[in-house]
Amino acid sequence: MKFNIDLCQIIELPKISDPRGSLTFVEGGNQIPFDIQRVYYLYDVPGGAERGGHAHKGLHQLIIAMSGSFDVVLDDGVNKKRVHLSRSYNGLYVCPMIWRELDNFSSGSVCMVLASNKYDEEDYYRNYSEFMHGRDQL
Ligand code: TYD
């Protein structure tokens, strides 16, 4: 299987700390294996809410907990793993063809996503059985 959850790992981003605070940066193609075409973020997430619930055909993403914490559940159709994100210098790389769900958001948390392409609804599997079918075609 070309894309699987073992490819989806935490990337430790550079962290430059001094008495004035900490600074982290991300450069497309350097710290992360894709160029950044889009940034979006989730915030004001009510307690108990779940986000995600889809997979992408070709999109690469890096998910960062900019503030607070949440969990990302990754599923490649064979294996699943739950990753807890709580550090703004850690990014979870998610390759294409991975079903993901986000839950367990702490109050006031902010989830920032760096994405390899602009928004394109055609790139989504929003139905799990269609995702499994697409995965079997690979
Ligand atoms: P949705 O995919 O449901 O969010 P989640 O990641 O939690 O599943 O997106 C919510 C709405 O926002 C949906 O109508 C599509 C729209 N949207 C954009 O217009 N641009 C974007 O970059 C994203 C990520 C979503």
Original post:
When you go through (1) within 16 Å of the ligand (Cβ to nearest atom); (2) among the polar types (S, T, N, Q); (3) free of Cβ contacts under 8 Å to residues at least 24 places away in the same chain one by one for Gln61, which number turns out not to apply?
Top reply: (3)
**OP:** Check Leu23 against each of (1) assigned to a loop (DSSP other than H, G, I, E, B); (2) more than 11 Å from the chain's Cα centre (by Cα); (3) not aromatic (Phe, Trp, Tyr) and name the one condition it does not meet.
**Re:** (1)
Original post:
What do you reckon, is Gln61 polar (S, T, N, Q) and buried (at least 18 other Cβ atoms within 10 Å of the Cβ)?
Top reply: yes
Original post:
Residue check, Phe105 against (1) closer than 13 Å to Arg51 by Cα; (2) within 11 Å of the chain's Cα centre (by Cα), all met but one. Which one?
Top reply: (2)
Subject >> Residues (within 14 Å of the ligand (Cβ to nearest atom) and over 14 Å from the mean Cα position of the chain (by Cα)) located in segment 30-47 >> reply: Gln37, Tyr43, Asp44, Val45, Pro46
**OP:** Return yes when Val78 is within 21 Å of Lys2 (Cα to Cα), within 12 Å of the ligand (Cβ to nearest atom) and not hydroxyl-bearing (Ser, Thr, Tyr) and no when it is not.
**Re:** no
Subject >> Top-ranked residue in segment 6-24 [being of a type in the set (A, V, I, L, M, F, W, C) and more than 22 Å from Asp71 (Cα to Cα); ranked as farthest from the ligand (Cβ to nearest atom)] >> reply: Ile16
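None of the figures in this text is laboratory data; all of them are computed from the coordinates on show. Keep in mind that what you see is a predicted model, and the values were worked out from it rather than measured. Positions of Cβ are backbone-derived with ideal geometry, glycine not excepted, and every protein chain shown enters the neighbour counts.
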